[in-house]
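Comments concern the structure below.
The values are calculated or read from the model by the stated rules, or taken from the named source; none is laboratory data. The model shown is predicted, which means the values in this text are computed figures rather than measured ones. Note: ideal-geometry Cβ built from the backbone for every residue, glycine included; neighbour counts use all protein chains shown. Just the protein is used for accessible areas: all its heavy atoms, side chains included, with ligands, DNA and RNA removed. Shrake-Rupley method; radii C 1.70, N 1.55, O 1.52, S 1.80 Å.
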Amino acid sequence: MKRIGVIGGGQLAWMMASAAKKLGVSLVVQTPHLTDPAVPLASDVIQAAIADGSATAQLAKICDVITFENEFVDLDALGKLEQQGICFRPKLSVLAPLLDKYDQRCYLRDIGLPVPKFIAVENRESFAQLGAEIGWPLVMKARRHGYDGQGTVILRDLPALEAAWEKWGCPSVLIEEFVPFEQELAIVAARSPSGEIAIYPIVQTQQENQVCHRVIVPADISPALATECQQIAQTLLNSLEAVGIFGIELFLAPGDRLLVNEIAPRTHNSGHFSQDGAKTCQFEQHLRAVSDLPLGSTELIGQGALMVNLLGYESSHDDYQAKRQQLAQIPSARVHWYGKSESRPGRKLGHVNVVLDQKTDHEPVSATLSKIAQTIESIWYPHQD
């Protein structure tokens, strides 16, 4: 397969386009904005909304297979195209149980994977029982289109729940228990059409306000827990008969208890370290899977790796050139800048990868990487007086 269509043109498609050149394949993107990061690297562009099925039909005419950068798609519209023989990878039947967070929770539970206690809430009458069924505090999530902390709120009592639900417009929501986790972990894994699976090292993600700030590789967990994480990934991908890269977020709760938090059926922020820290980056791996090429090695390069997101902290049109140059001077650091024209608080503008070549004798790898992360963030974020 030489021409791959991607629904979405953001930074994930942009990084996919860079990997496509290495494999000698062309990427065509469907995206609403010609200023999106992937547009300059794409071999062709269909300018249209992500959920525009007629535009995806045009995309299919010039591509061998179509894949996804995000989950903001219209499955009903795409289903008509799949019935006409258009090849989507992953298949729409793979996406169907995952796009709605309540459906996703039900699917994970039904295939035997551990998840937090959860319930769907449709109306105010259901609120009174939540304290007994779920307990306080609890987490309310939008069932669709939540990402980077949007559509997720932690609530400590019934008045807070009622106020938040009304602010959201009184929709159907997912309510789940708040997990007092010890670590947040993630697995990035790929599966090919033949069933070959490749799993990257388990990572620790560090979140602030439900937004990932740092990823430390490998996670400081026991071999037994790492094996359990890998088994969760294998169970999920084989059950779905998935094709492509998937990001799997987990909570490590007290007592070494793993709970699956969320599934992303695409390349994932927790796998960005692989661009510089693994033998095959996740973007090349995804293209290998959807093109039915042999999967590449997921072996870690060096002793460890770090990814720090460069998040917007102000509203501006600055390209932060001086800060980027300063970050690039950090030993073994590589800055990946998405080329977005506008910065706003919380927006992902880029990330920094650092590969740790040698292990230090006096402290664990994770401690060394955490110190480097502090250095990166002290350069990127304004000093607080």
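Of the cross-linked pairs LYS21/LYS80; LYS117/LYS141; LYS22/LYS91; LYS61/LYS91, which ones have a Cα-Cα span greater than 23 Å in the structure shown?
LYS21/LYS80; LYS22/LYS91
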Quiz item: Once phi is turned into θ = phi - 60°, what whole-Hz ³J(HN,Hα) does the Karplus curve with 6.51, -1.76 and 1.60 give for every residue of region 91-105, x standing for Gly and Pro?
Solution: 5, 5, 5, 6, 6, 3, x, 10, 6, 8, 5, 5, 4, 4, 4
Quiz item: In the neighborhood of SER378, defined by Cβ-to-Cβ distances under 12 Å, what is the net charge if each Lys or Arg adds +1 and each Asp or Glu adds -1?
Solution: +1
Self-check item: Under 5 Å, built H, 5+ apart or other chain: amide partners of CYS63
Solution: none
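Based on the Cβ-Cβ distance from SER341 to ALA77, what FRET efficiency comes out when R0 is 35 Å, to the nearest 0.05?
0.75
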Quiz item: Given H placed on each backbone N at 1.01 Å, which residues far from ILE46 in sequence or on other chains put an amide H within less than 5 Å of it?
Solution: VAL29, GLN30, THR31
Quiz item: With θ set to phi - 60° and the Karplus curve 6.51 cos²θ - 1.76 cosθ + 1.60, what are the ³J(HN,Hα) couplings of region 196-202 in order, to the nearest whole Hz, using x for Gly and Pro?
Solution: 5, 10, 10, 10, 7, x, 5
Quiz prompt | Accessible area of GLU284 in the full protein assembly, 1.4 Å probe (Å², nearest 10) | solution = 10
Practice problem: Figure the gain on full extension for ASN209 and ALA253 (residue separation times 0.36 nm, minus the Cα-Cα span) and round it to one decimal in nm. | Solution: 14.0 nm
Quiz prompt | Computed [θ] at 222 nm, deg cm²/dmol, the chain (DSSP H ≥ 4; -39,500 (n - 2.57); rounded to nearest 500) | solution = -8500 deg cm²/dmol
Quiz prompt | In Hz, Karplus ³J(HN,Hα) per residue of region 284-290 (6.51, -1.76, 1.60; θ = phi - 60°; x = Gly, Pro) | solution = 5, 4, 4, 5, 4, 5, 6
Quiz prompt | Accessible area per residue in Å² at 1.4 Å probe, computed on region 166-316 | solution = 34
Self-check item: Shape of the chain, Cα gyration tensor, a/c cut at 1.5
Solution: rounded
Practice problem: Over the chain, calculate the relative contact order: mean separation of alpha carbon pairs under 8 Å at least 6 apart, over the residue count, as a percent. | Solution: 13
Quiz item: Of all the accessible heavy-atom surface of the chain, with the other protein chains kept in place and a 1.4 Å probe, what percent is carbon and sulfur?
Solution: 47
